[in-house]
Amino acid sequence: MKFEGRVIKYGDNIDTDVIIPARYLSTSDPSELAKHCMEDLDKTFVSRVQKGDILVGGKNFGCGSSREHAPIAIKASGISCVIAKTFARIFYRNAINIGLPILECAEAAEDISEGDHLIVDLSRGEITNVGKNRVYTAIPYPGFMQEIMKANGLIEKIRKEKEEESRK
């Protein structure tokens, strides 16, 4: 899987309450959640994010509560991939389960700037910063996790597998 986009960058400890404030948790509708993504941190996020943009964060991205709403809001906003120095473990797994590609790469997260143009090759764990002519390496995901993300999440992967089984 490859992604290409412009960077929107934030710092350390971006928690799930900032990604999607609790006052919007009465819905699980992705498009409604996307309208409020990052609004308590950055009021301009929703108006400037474009489909395919790549979100870059620092340490402990997605810390806080275990709500799946946070990666859903990010994905529904148009973000194609999230790169961070480290992710909170529950956010990490929730992101994979809903099909939001994420990569841990401290070097990339440190060096990449707001507005940079990136190409991310998830299967190889490569992040190319086009403008800076740099390539960063993250640990690529095992095949089964890549399949979950390709299928647009764990539930969709299982649904497709069941459909294939029923056709046999």
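The values are calculated or read from the model by the stated rules, or taken from the named source; none is laboratory data. None of these values were measured; they are calculated from a predicted model. As a convention, Cβ positions derive from the backbone with ideal geometry for all residues, glycine included, and neighbour counts pool all protein chains shown.
Can you name every residue in the range 50-68 that is under 13 Å from residue 18 (Cβ atoms) and either within 12 Å of the chain's Cα centre (by Cα) or without any contact (Cβ under 8 Å) to a residue 24 or more places away in the chain (or both)?
55, 57, 61, 62
Considering only the range 16-46, state which residues are charged (D, E, K, R) and in contact (Cβ under 8 Å) with a residue 60 or more places away in the chain.
Of everything in the range 16-46, nothing turns out to be charged (D, E, K, R) and in contact (Cβ under 8 Å) with a residue 60 or more places away in the chain.
Name the residues in the range 29-55 that are touching an Asp or Glu at 6+ places or on another chain (Cβ under 8 Å) and on the phi < 0 side of the Ramachandran plot, would you?
Once the filter is applied, which keeps residues that are touching an Asp or Glu at 6+ places or on another chain (Cβ under 8 Å) and on the phi < 0 side of the Ramachandran plot, the range 29-55 yields 40, 45, 46.
How many residues, within the range 114-132, are of a type in the set (Asp, Glu) and either closer than 22 Å to residue 149 by Cβ or free of Cβ contacts under 8 Å to residues at least 24 places away in the same chain (or both)?
Total meeting the criteria: 2.
Taking helices (runs of 4 or more DSSP H) that do not extend beyond the range 79-168, which have at least 2 residues that are surrounded by 17 or more Cβ atoms within 10 Å (Cβ to Cβ) and modelled with pLDDT under 95?
Filter on the range 79-168 gives 89-98, 143-150, 154-167.
I'm trying to understand the selection: among the residues of the range 31-78, which are assigned to a helix (DSSP H, G or I) and in contact with a Lys or Arg (Cβ under 7 Å, 6 or more places away or on another chain)?
Hit for the range 31-78 is 46, nothing else.
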